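Written below as C-alpha cells is the structure these notes are about.
The values are calculated or read from the model by the stated rules, or taken from the named source; none is laboratory data. What you see is a predicted model; the values in this text were computed from it and never measured. No Cβ is skipped: glycine too gets one built from the backbone with ideal geometry, and neighbour counts run over all protein chains shown. The protein model used for the area step is the full one, side chains on, heavy atoms only, and it has no ligands, DNA or RNA in it. Shrake-Rupley method; radii C 1.70, N 1.55, O 1.52, S 1.80 Å.
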Amino acid sequence: MPALTKAQQKQIQAAEESFNRTYANQYSDERWQNSLRPALLAPTRYAVLINRYEADGIPSTFTENDTRDLQRVSFPLDLGSAASEHSEVVSSGDDQTRLIAYQRASTAETAESSISEAPFPPPHSVSGSSPHLMTHWNLDAASLLAVSILNPTPGDKVLDLCAAPGGKSLSLAQLLRPANFDPAAPSLGGGCLHSNEIDNARNKRLAANLQSYLPASFFKSGEVKVLKLDGTEQNAAQSLPLGLGGYDKVLLDAPCSSERHVLHAHHKARQGGRVADEMASWRSGQSKKTAKIQAAILMTALRAVKVGGTVLYATCSLSSDENDDVIEKAKELVAKEKKKYAIRWDMSVRSGDLMSKGVEQWAESTKNGWIALPDHPSGGRWGPLFFAVLQKVAV
C-alpha cells in the first residue's frame, strides 16, 4: 500500500488538530487528552439484550466462555420522568426492569486496556422455535439507559422517530410486552410501536431486523409498523399513523456527528497507512449544520406526542451544539409556533427530575440533560450518549 503523500499527511494532521482542539475546548484540555479521548479510542463495551419474545434468559447456545464474568445491566424501573397512565398493566411481580441485559464485569485491567473484550456471539434464531425469532441483540448499554429513562409501559403508544438499525426499537418492544403476554396469541394489548427511518437502505434493514425479533402477528395487526417519513418536514407529524398528539412516548435518537466513530475510523486508517474519510471530511462547523436538522426532527417529535406525554431526545454526539443547544433551539421554535399558530402546548425540560433517581451513577448532568461518557467514574465505559427528557405541557 503506497505511503501517504505530504499533502495527505498535512490534510489529516490539520483535521485531527482541529478535532482535538474543538473537544479540548469543550471538555478541558486535561480531560480530553488524559481521560476522555483515550476512553473514546478504546473498543466499545457491548452488552447483550435478551429478546424476551424468544426467551427470558441467556441463550442455551452461549458457551461457558461466552458467559464468563457476566453481570446484569439493571436500571430502576422508576427512571421515567412521569408514570404512564397505562402503568397499572404491569404486575408488581414482573421483572424489576423488564429489560434483560448482561455485560462482562469491568475490572481496572479491562477498563484501561485497549484490547477488545471477548465479543458476545452474534444473534441467531433458535432451531425448532416458531417463528424462529432471534435470541439477542448486541449494543452499547447506554442505549438501554435511554430507553429505560423514556420508560414506556405496556399499553403505551410509542414512536421511535429515527429507528435504524433497530436496537432501541427492540428495547422499546421489550418494555411494551404485557405482563400477561401469551405466546400462543401474541399481542401488545392496546399498545403499539411505530419505528421510522427515511433512508431507503436503512429502512429495509430496520424492517428486516424487527421482523427477525418480534412476532409476525404484531405486524399483521399493525401494533408494530415500520414507517418511512422525513422527520424534518413541517407536516411530518400529520402523516404519522396516529397523527398529531397521538403518541404517549416518543424516542428521538437523532442523526449526529458520532465523533467516537470518527476517532475509531481515523485510528484504524492510520494503522493501515490510509486516510479515514470520516476524519478528512470533518469540520468544526458541521455540528451547527447538523443541529438545524436535529431541531427540525425534534419539533416533529413534539408535535407527535400527546399533551402530558414524554419525548426523549438523544444523540451519540460529544458536541453541545447537537445536544444542549438543540434543546434551546426547540424552545425558540415552540415559542414561534405559539405566537404564529396559537398552539395550546409548550415544551418543559424535565431532565432535572432524574437527579433524585440515581442517574449520576451512569451519566453527568448538562444544561438541559445528561451525557453518558466512557470515562465516567463509574467505570461503565458506555457512550457517548446525550439525552434530555422533554414533556409536552398544556398552556
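Here are some notes:
- Inter-probe distance in nm under a simple model that places probes 7 Å from Cα toward Cβ, at Asn200 and Asn20: 4.1
- Contact order, relative form, for the chain: 18 percent (alpha carbon pairs under 8 Å, 6 or more residues apart, mean separation divided by residue count).
- The relative contact order of the stretch 268-395 comes to 30 percent, based on Cα pairs under 8 Å that sit 6 or more residues apart.
- Entries of Lys228/Lys249; Lys168/Lys249; Lys157/Lys228; Lys228/Lys336; Lys157/Lys392; Lys225/Lys367 with Cα pairs more than 25 Å apart: Lys228/Lys336; Lys225/Lys367
- Pairs of lysines in the stretch 276-331 (C-alpha under 14 Å apart; 8 or more residues apart or interchain): 4
- Gyration tensor (alpha-carbon) shape descriptor, the stretch 192-263, a/c threshold 1.5: oblate
- Asp325 exposes around 70 Å² of accessible area when a 1.4 Å probe is run over every protein chain in place.
- Residue order by solvent-accessible surface for Ser217, Ser287 is Ser217, Ser287, largest first, with ligands and nucleic acids left out and a 1.4 Å probe.
- In the full protein context, the stretch 153-309 carries 40 Å² of accessible surface per residue, based on a 1.4 Å probe and ignoring ligands, DNA and RNA.
- Per-pair calculated FRET efficiency, R0 = 25 Å: Ser74 and Ser356 via Cβ, rounded to 0.05: 0.85
- Taking 25 Å as the straight-line reach from the Cα of Lys6, the lysines in range (excluding those fewer than 8 positions away in the same chain) are Lys268.
- Residue (of Gly243, Thr232, Gly222) at the positive-pole extreme of the stretch 217-268, dipole from beta-carbon charges: Gly222
- Only Lys, Arg (+1) and Asp, Glu (-1) charged, at Cβ; the chain dipole about Cα centre in debye: 1200
- Value at 222 nm in deg cm²/dmol, rounded to 500, when DSSP H runs of n ≥ 4 in the chain each add -39,500 (n - 2.57): -9500 deg cm²/dmol
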